[in-house]
Amino acid sequence: FRTLDETNPLPLWLTDTYSGVVLYHSPAAAELLGYSWPVTEHYRSARSYASPEEREACTNELIATGRLDHRVTRMRKADGTEFWGAISSRLAKLGGRTISIGTVVDLTGQMSKEAELREARETLKDAVESLTEGFALYDADDRLVMCNQRYRDFNFMSADLLVPGTRW
């Protein structure tokens, strides 16, 4: 088991669910959060969350449902840097304790790309809306992708049908 865990690229934590004491973290978990490995002292998982409320919300959901599946939350590295993470975890019993076995995926890059995409879409929407002529963009399957208000005004009789996805 140890070889599998220590060579696994996914971070792994074993945490006492109620106290929040981290009983074990894998090398990948240490790397993600900027902690040393192997663990030489137990620490509380609360320091890996951006706020106590974030940990409490995740813990309450885990206790209520027995699992977390890609729950997006703000996390904190050892140096205080915050990042977005997707937590997946399950409850288990170990020696009379309720523990959570969990992993976190760093979403920083994905969230950054999504923000860039939203900004690019907003810029395109503003540019299309500022055109003095009516403009509509249809995809290869003749479905409306976008149009501006002037195009809607020109097609006032069917303006309510001019929604993305509508076929020409």
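The values are calculated or read from the model by the stated rules, or taken from the named source; none is laboratory data. It should be emphasised that the depicted structure is a prediction, and the values quoted were computed from it without experimental measurement. Methodologically, a virtual Cβ is constructed for each residue, glycine included, from the backbone with ideal geometry; neighbour enumeration extends over all protein chains shown. Accessible surface is based on the protein model in full, side chains and every heavy atom, while ligands, DNA and RNA are left aside. Shrake-Rupley method; radii C 1.70, N 1.55, O 1.52, S 1.80 Å.
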* Asked: Can you tell me which residues in the range 23-35 are modelled with pLDDT under 90 and closer than 25 Å to GLY96 by Cα?
  -> LEU23, TYR24, HIS25
* Structure fact -> ALA64 fails exactly one of (1) touching a strand residue (DSSP E or B) at 6+ places or on another chain (Cβ under 9 Å); (2) at pLDDT 95 or above; (3) open to solvent by 60 Å² or more (accessible area, probe 1.4 Å), namely (1)
* To do: Might you check whether a residue that is small (Gly, Ala, Ser), at pLDDT below 95 and closer than 18 Å to LEU14 by Cβ occurs anywhere in the range 76-90?
  => no
* Being aliphatic (A, V, I, L, M) and under 30 Å from LEU14 (Cα atoms) narrows it down to one of MET157, MET111, so name that one. => MET111
* To do: Within the range 33-43, identify whether any single residue is touching a residue at least 40 places away in the same chain (Cβ under 8 Å), outside any loop (DSSP other than H, G, I, E, B), surrounded by 13 or more Cβ atoms within 10 Å (Cβ to Cβ) and not charged (D, E, K, R), and answer yes or no.
  => yes
* Taking the range 106-118 as the search range and keeping residues that are surrounded by fewer than 16 Cβ atoms within 10 Å (Cβ to Cβ) and in contact with a strand residue (DSSP E or B) (Cβ under 7 Å, 6 or more places away or on another chain), which one is nearest to VAL21 (Cα to Cα)? -> THR108
* Asked: Which strands (runs of 3 or more DSSP E) sit wholly inside the range 63-168 and have at least 3 residues that are in contact (Cβ under 8 Å) with a residue 12 or more places away in the chain and not acidic (Asp, Glu)?
  -> 67-76, 82-94, 97-106, 144-147
* Scan the range 8-22 and give yes if some residue there is among the hydroxyl-bearing types (Ser, Thr, Tyr), open to solvent by 40 Å² or more (accessible area, probe 1.4 Å) and closer than 20 Å to LEU68 by Cβ, otherwise no. => yes
